[in-house]
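The values are calculated or read from the model by the stated rules, or taken from the named source; none is laboratory data. Everything numeric here is computed off the predicted structure, so don't read it as measured data. Virtual Cβ from ideal backbone geometry, glycine too; neighbours counted across all protein chains shown. Surface accessibility is based on the protein's heavy atoms, side chains included, excluding ligands, DNA and RNA. Shrake-Rupley method; radii C 1.70, N 1.55, O 1.52, S 1.80 Å.
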Amino acid sequence: GLSPVLSRIAILDDGPHILRADRVESQAGAQTPAHRHRGPGIRRLEHGLLRAEVGDELDRISAGGAWFETGHETVVGTNISGGTNIFVRVMLLPAELAGGQSSFVAVSPAEATKPRAVNLRLFGECPVG
């Protein structure tokens, strides 16, 4: 028994923040537009197979695998499973996004016009600090 640990330092902007937990589901072949989020967070793939481009890194993530996004690097995720992908994530976000408001930021106007092709389910949010 090994217990892998994923740890990163989360750097936050000034101001109040929330901790958000949610679930993201995508269908076979779905690809996100190039984007980032308004805060850092960890993700864990519960079901499927994902090609994750996070900054300069390219990873193939299987069910049970986890990854971290700082909120500053460009991210593109592609469902390569042939079926449904499901991952859960926990992010530290500006409090102004409370109530499930999107943290998604497309990296260009062209990317903003592309479909996101995901279903989101908010588990909960709580203030931090």
Check: Using a 1.4 Å probe, what is the accessible area per residue for segment 46-105, in Å²?
Finding: 48
Margin query: Computing the accessible area with a 1.4 Å probe over protein heavy atoms, can you report the carbon and sulfur percentage for segment 23-129?
Written below: 52
Checklist line | Karplus (6.51, -1.76, 1.60) ³J(HN,Hα), θ = phi - 60°, over segment 96-105, in Hz, Gly and Pro reported as x | finding: 5, 8, 4, x, x, 5, 5, 9, 6, 10
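List the GluC sites (Glu not before Pro) in segment 31-129 that DSSP assigns to loop (not H, G, I, E or B) and whose Cβ has at most 16 other Cβ atoms within 10 Å. Which are they? It would help to have the intermediate numbers written out before the result.
Working: sites: Glu46, Glu53, Glu57, Glu69, Glu73, Glu96, Glu111, Glu125; in loops: Glu73.
Of the GluC sites (Glu not before Pro), the ones in loops of segment 31-129 whose Cβ has at most 16 other Cβ atoms within 10 Å are Glu73.
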Checklist line | Theoretical gain in end-to-end length, Leu120 to Glu96 [0.36 nm per residue, Cα-Cα removed] | finding: 6.8 nm
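What number, rounded to the nearest 500 deg cm²/dmol, is the helix-based mean residue ellipticity at 222 nm of the chain, given -39500 (n - 2.57) per DSSP H run of at least four residues and division by all its residues? Before the final figure, lay out the partial values.
Values: 1 runs with 4 residues, N = 129.
That calculation yields -500 deg cm²/dmol at 222 nm.
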Note to self: Which log10 I(q)/I(0) values does the chain give at q = 0.09, 0.11, 0.19 Å⁻¹ under the Debye formula, counting every alpha carbon as one identical point scatterer?
What the structure shows: -0.25, -0.37, -1.15
